[in-house]
1. Among the lysines, select those whose C-alpha is under 28 Å from the C-alpha of Lys240, and discard any that sit fewer than 8 residues away in the same chain.
2. Select from Asn305, Leu315, Thr64 the residue farthest towards the positive end of the dipole of the chain; place +1 on Cβ of Lys and Arg, -1 on Cβ of Asp and Glu, and compute about the Cα centre.
3. Could you compute the longest span of the chain free of GluC sites (Glu not before Pro) located in DSSP loops and having at most 14 other Cβ atoms within 10 Å, not counting the site residues?
4. Please work out the C-alpha center-to-center distance from segment 97-170 to segment 290-308 and express it in whole Å.
5. Of all DSSP beta bridges in the chain, what percent run antiparallel (nearest 5)?
6. What does the charge dipole of segment 151-312 about its Cα centre add up to, to the nearest 20 debye, if the Cβ of each Lys and Arg holds +1 and the Cβ of each Asp and Glu holds -1?
7. Choose one of Gly252, Gln129, Ile12: the residue whose Cα lies farthest towards the positive end of the charge dipole of the chain (beta-carbon charges +1 Lys, Arg; -1 Asp, Glu; about the Cα centre).
8. Taking only DSSP H segments of four or more residues, each worth -39500 (n - 2.57), what value at 222 nm results for the chain once the sum is divided by all its residues, to the nearest 500 deg cm²/dmol?
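Computed from the coordinates by the stated procedures, all read-outs in this text should not be read as laboratory data. From a predicted model like this one, the values you see are computed outputs, not experimental measurements. Cβ placement follows ideal geometry from the backbone for every residue including glycine, while neighbour counts extend to all protein chains displayed.
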Amino acid sequence: MNVAVVGATGYIGDTLVKLLAGHPKANLKVVTSRSKSGQAVSKVIPALRGVLDDLNFDLSDPETLAARDDIDCFFLAVPHGTATEYARPLVDAGKKVFDVSADYRTSSAEKYEEFYGPHPDPDLLKEAQYVLPEITPEGWQSKSIFALPGCYPTSIIPPLYPLLQAGVIGKEHIVVNSVSGASGAGRKVHEDFIYCEVTENAKSYSIPKHRHLSEIEEQLGHAGRGDVVIQFNPHLVPMKRGIATTITVPAGNSSLDELYDCWRSAYSNRPFIYVLDSSERPQTSATIGTNRLDIAAVKDERTGNFVIMSAEDNLMKGAAGQGIQIMNLWQGWDEATGL
């Protein structure tokens, strides 16, 4: 299957290119960049020397890409608001689109506007399908455009979703604290992300209403059969990649065994959700370079809370790796192919 990556010079695009270059069933046919057009991919991404020496960056032109009869699917690794420029002509041309941005992660234009501003293409938003592979019900493969989850939501939704669905936990008083490496902000020049600002420093940001709350609360609402409102506290810490999340939620009358039974029932056949023993602690260093989300939990008898923990690589399970996983499932391949 021939594949294209649009916007391949960001951290997620770079990771997608590397994964697709080694994928046994996907032929990386086109890689685009407005700033690197004409340059050799192996020169811009030196890790691919000897692998993609014959492939150059193409210009990122939506209409030209839509006219390519030899491309089956497109990954849009472009900033929020830019993806819509490509999505409409590609979908109209009958292409499958995997969008890494936030442009199609909510189900309504009203919800999108609350967090991002007016949506550029509300009609296409209605056609899009949010896909978190371990959560989204079967049947999504027939859609034309797939919205890939954000990195924070991927660390938060899978640990909570089956617990809410089974009634092991309630919808009230869910507090989420997450820390992320600097690559989560993308490859951009900004004072907040230069070395001297990030190193030896940790800070919270986008509190109390981070953009990812839009998809987190919407998806958890599907599990809880009603509105779910969480307190989400994201932090930037001095590391390149990785997300560690800690969630506290009242345990009510549920036991830790019930929580683990629920997780194991939900994820026993899913290769990328790894349920650790309660005595273990998920850590980012163990997940870097993998498409795995590690989860664990304890019950604090003193406070009556479950403390739920997760860790992932934000560029893999939190973005590019999950995109490949979704592509595999769409094609009917083993979801771990190339991962």
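1. Lys18, Lys36, Lys43, Lys188, Lys203, Lys209, Lys317
2. Farthest along the dipole direction, towards plus: Leu315.
3. Here the longest run is 1-137.
4. Answer, in whole Å: 24.
5. Antiparallel bridges: around 45 percent, rounded to the nearest 5.
6. Computed charge dipole of segment 151-312: roughly 360 debye.
7. Ile12
8. -8500 deg cm²/dmol
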